[in-house]
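**Student:** Quick one: the structure is below, and I'll ask about it shortly.
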Amino acid sequence: MTLFPSVLNFRRCLLVAAGALALGGCGPKPPLRVMACDAAPAAPVVVDADGRTARTTLSVLTYNLEGLGWPARKGRSAELKQIGERLAAMREAGTGPDVILFQEMFSGAAKRAVAASGYPAIAPGPRRTTPPYIGDYEKMAGRAKPLKGEIGIRLLGGGLAIASRYPIAQTALDAYGRRACAGLDCLSNKGVMLARISMPGVPAPIDIYNTHMNSRGASGVSAARDGEAHARQAIAASEFIARTQDLTAPLIFGGDFNMRHSEDRWAEFSEYHPLTLVHEVCVDPASGCEVKMSWDGDAPWMDTQDLQFFADGERLTVRPVRVEALFDGGASGPQLSDHDGFLVTYELSWPVGAAKQACETARTKAP
């Protein structure tokens with residue numbers, strides 16, 4: 001049987017794209033840096049006037065680099081180079097985020113940009129071969145779409161990294177798996193990662209999670225199929241957090257959640273993640289959270305893919321005190337990606353006299 005020319009052309013394009021992505025996977029390795037505990041700067045701790053409570057701040061940026069390689073994207077090298085240079089300049093000036101959650105760190109230029117940021121602690125996320133902890137999902141309804149990327153193998157890692165000005169004491173990784181993805185997203189091994197941050201002078205670590213979940217229309221398959229993949233990823237991320245979280249530590253969960261304008265995805269995600277959304281707190285003028293970015297409507301979280309959630313720990317409480325955009329084309333810098341950076345400053349607080357926790361040697365924990 002002879003295929004229509006359009007089908008042949010599409011298959012040829014897919015093979016070219018797969019080859020290019022595979023070659024990209026053979027490029028530079030994701031950046032990895034380990035910071036010694038004795039090299040860490042002291043956290044700027046202040047004590048309330050009554051002498052009972054100590055406080056400090058931690059700023060966390062989530063930023064999708066748009067770091068896809070050719071043929072998915074082309075001509076991105078100059079912008080990615082600027083991202084690395086601008087982040088490095090901010091860090092050196094003391095105005096950079098304390099922690100950065102990167103997504104779409106796929107191309108060599110994207111990996112070099114993360115490395116060029118100059119952060120002393122950098123941990124990459126799931127690799128191309130990282131196995132999923134949950135691998136026994138049933139097949140999704142409908143047939144797999146090989147021409148849409150569902151070819152059963154991963155050509156790239158998950159594109160995640162966490163960079164920090166404080167030591168990363170421990171990391172853990174998990175991939176979402178081939179039965180928890182849909183469409184073109186299946187070409188990369190998307191997943192979730194943990195970086196446990198140690199801040200000198202703070203009595204407990206901070207558990208920071210990063211993810212990039214299945215896209216919607218960009219995946220190239222039906223809404224039912226990509227929606228089921230997203231739901232399975234929400235379950236996997238919830239299970240991962242339950243396995244790896246230090247209950248004494250506050251939790252921050254950020255990334256590209258791909259839930260913009262989707263009530264169904266929000267409902268499914270919220271069922272498994274009873275965390276507090278930064279947007280929902282800061283949209284309330286009485287919250288004490290300063291909003292230094294443009295928000296429209298009563299539910300601004302529905303207008304973005306880039307989100308952060310948080311929860312208190314047993315030894316530390318956490319709350320957002322400022323939100324702002326970075327690299328949004330305004331005063332914070334030019335738009336260098338198809339996403340703006342979303343920067344949240346958190347206040348951490350604890351009782352004065354709480355026992356300090358020693359900084360640990362960095363190690364990786366299997367999923």
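The values are calculated or read from the model by the stated rules, or taken from the named source; none is laboratory data. Bear in mind that the values here come from a model prediction, so they are computed numbers and not experimental data. Cβ sites come from the backbone with ideal geometry, for glycine too, and all protein chains shown count toward neighbours. To get the accessible areas, we keep the full protein, side chains included, count just its heavy atoms, and leave off ligands, DNA and RNA. Shrake-Rupley method; radii C 1.70, N 1.55, O 1.52, S 1.80 Å.
**Student:** Hey, any hits in the range 175-184 for a residue that's open to solvent by less than 10 Å² (accessible area, probe 1.4 Å) and assigned to a strand (DSSP E or B)?
**Tutor:** Taking every residue of the range 175-184 in turn, at least one turns out to be open to solvent by less than 10 Å² (accessible area, probe 1.4 Å) and assigned to a strand (DSSP E or B).
**Student:** In addition: Starting from the range 160-171, keep only residues that are closer than 19 Å to residue 357 by Cα, then list their pairs with residues that are open to solvent by less than 10 Å² (accessible area, probe 1.4 Å) and of a type outside the set (A, V, I, L, M) whose Cβ atoms are within a distance under 7 Å, requiring at least 6 positions of separation or different chains.
**Tutor:** Taking only residues 6 or more apart or on different chains, the pairs are 164/119; 165/119; 169/205.
**Student:** Being crowded, with 24+ Cβ neighbours inside 10 Å and over 18 Å from residue 147 (Cα atoms) is the filter here, so list the residues in the range 210-231 that pass it.
**Tutor:** Selection gives 210, 211, 212, 213, 230.
**Student:** Tally up the residues in the range 53-86 that are touching a strand residue (DSSP E or B) at 6+ places or on another chain (Cβ under 7 Å), farther than 20 Å from residue 290 by Cβ and of a type in the set (A, V, I, L, M, F, W, C), please.
**Tutor:** 5
**Student:** So which residues in the range 194-235 are over 12 Å from residue 141 (Cβ atoms) and polar (S, T, N, Q), if there are any at all?
**Tutor:** Selection gives 198, 210, 211, 214, 215, 219, 233.
**Student:** For the condition in contact with a Lys or Arg (Cβ under 6 Å, 6 or more places away or on another chain) and closer than 26 Å to residue 237 by Cβ, what is the one hit in 263, 347, 268?
**Tutor:** None of the other options fit; the residue is 347.
**Student:** While we're on this one: Can you name the residue in the range 109-129 that is over 17 Å from the mean Cα position of the chain (by Cα) and open to solvent by less than 60 Å² (accessible area, probe 1.4 Å) and, of all such residues, is farthest from residue 217 (Cα to Cα)?
**Tutor:** 120
**Student:** Among the numbered criteria (1) open to solvent by 50 Å² or more (accessible area, probe 1.4 Å); (2) under 25 Å from residue 63 (Cβ atoms), which single criterion is violated by residue 143?
**Tutor:** Of (1) open to solvent by 50 Å² or more (accessible area, probe 1.4 Å); (2) under 25 Å from residue 63 (Cβ atoms), only one is false for residue 143: (2).
**Student:** Need pairs with beta-carbon distance below 9 Å; first residue of a type in the set (Gly, Ala, Ser) and within the range 131-158, second in a loop (DSSP other than H, G, I, E, B) and surrounded by fewer than 13 Cβ atoms within 10 Å (Cβ to Cβ); sequence gap 6+ or separate chains.
**Tutor:** 144/152; 157/129
**Student:** Here is a follow-up. Quickly run through the range 252-290 and pick out the residues that are among the polar types (S, T, N, Q), farther than 19 Å from residue 60 by Cβ and open to solvent by 30 Å² or more (accessible area, probe 1.4 Å).
**Tutor:** Hit for the range 252-290 is 270, nothing else.
**Student:** If residue 313 passes every condition in (1) closer than 25 Å to residue 158 by Cβ; (2) touching a Pro at 6+ places or on another chain (Cβ under 6 Å); (3) of a type in the set (Gly, Ala, Ser) but one, which one does it miss?
**Tutor:** (1)
**Student:** Restricting attention to the range 109-119, does a residue exist that is under 24 Å from residue 213 (Cβ atoms), touching a residue at least 40 places away in the same chain (Cβ under 8 Å) and touching an Asp or Glu at 6+ places or on another chain (Cβ under 8 Å)?
**Tutor:** There is at least one residue in the range 109-119 that is under 24 Å from residue 213 (Cβ atoms), touching a residue at least 40 places away in the same chain (Cβ under 8 Å) and touching an Asp or Glu at 6+ places or on another chain (Cβ under 8 Å).
**Student:** If the Cβ limit is 7 Å and pairs must be 6+ apart or interchain, which residue in the range 196-221 that is within 16 Å of residue 99 (Cβ to Cβ) pairs with which residue that is of a type in the set (Phe, Trp, Tyr)?
**Tutor:** 197/166; 198/166; 199/166; 209/253
**Student:** Return the residue satisfying two criteria in turn: it lies in the range 43-59 and is assigned to a loop (DSSP other than H, G, I, E, B), under 18 Å from residue 345 (Cβ atoms) and touching a residue at least 24 places away in the same chain (Cβ under 8 Å), and of such residues it is least open to solvent (accessible area, probe 1.4 Å).
**Tutor:** Step one: of the range 43-59, the residues assigned to a loop (DSSP other than H, G, I, E, B) are 43-45, 48-52.
Next, only the ones that are under 18 Å from residue 345 (Cβ atoms) stay: 43-45.
From what is left, the residues that are touching a residue at least 24 places away in the same chain (Cβ under 8 Å) are 43, 45.
Values: 43: 13, 45: 61 Å².
Step by step, filter the range 43-59, then rank; the result is 43.
**Student:** Given the conditions (1) surrounded by 18 or more Cβ atoms within 10 Å (Cβ to Cβ); (2) without any contact (Cβ under 8 Å) to a residue 12 or more places away in the chain, and given that residue 94 satisfies all but one, which numbered condition is not satisfied?
**Tutor:** The one condition residue 94 does not meet is (1).
**Student:** Does the range 301-333 hold any residues that are open to solvent by 10 Å² or more (accessible area, probe 1.4 Å), over 23 Å from residue 91 (Cα atoms) and not in a strand (DSSP E or B), and which are they?
**Tutor:** Answer for the range 301-333, where residues must be open to solvent by 10 Å² or more (accessible area, probe 1.4 Å), over 23 Å from residue 91 (Cα atoms) and not in a strand (DSSP E or B): 301, 302, 303, 304, 305, 312, 313, 314, 315.
**Student:** Within the range 192-220, how many residues are in a strand (DSSP E or B) and at positive phi?
**Tutor:** Count: 0.
**Student:** Restricted to the range 246-278, and to residues that are touching a Gly at 6+ places or on another chain (Cβ under 9 Å) and not acidic (Asp, Glu), which residue is farthest from residue 310 (Cα to Cα)?
**Tutor:** Going through the qualifying residues, I end up with 262.
**Student:** Quick check: anything in the range 252-271 hydroxyl-bearing (Ser, Thr, Tyr), touching a residue at least 12 places away in the same chain (Cβ under 8 Å), in a loop (DSSP other than H, G, I, E, B) and touching a helix residue (DSSP H, G or I) at 6+ places or on another chain (Cβ under 9 Å)?
**Tutor:** So in the range 252-271, the residues hydroxyl-bearing (Ser, Thr, Tyr) come out as 262, 270.
If we keep only those that are touching a residue at least 12 places away in the same chain (Cβ under 8 Å) too, we end up with 262.
Filter once more, keeping what is in a loop (DSSP other than H, G, I, E, B): 262.
Keeping just the survivors that are touching a helix residue (DSSP H, G or I) at 6+ places or on another chain (Cβ under 9 Å) gives 262.
Within the range 252-271 (the criterion being hydroxyl-bearing (Ser, Thr, Tyr), touching a residue at least 12 places away in the same chain (Cβ under 8 Å), in a loop (DSSP other than H, G, I, E, B) and touching a helix residue (DSSP H, G or I) at 6+ places or on another chain (Cβ under 9 Å)), the answer is yes, since at least one residue qualifies.
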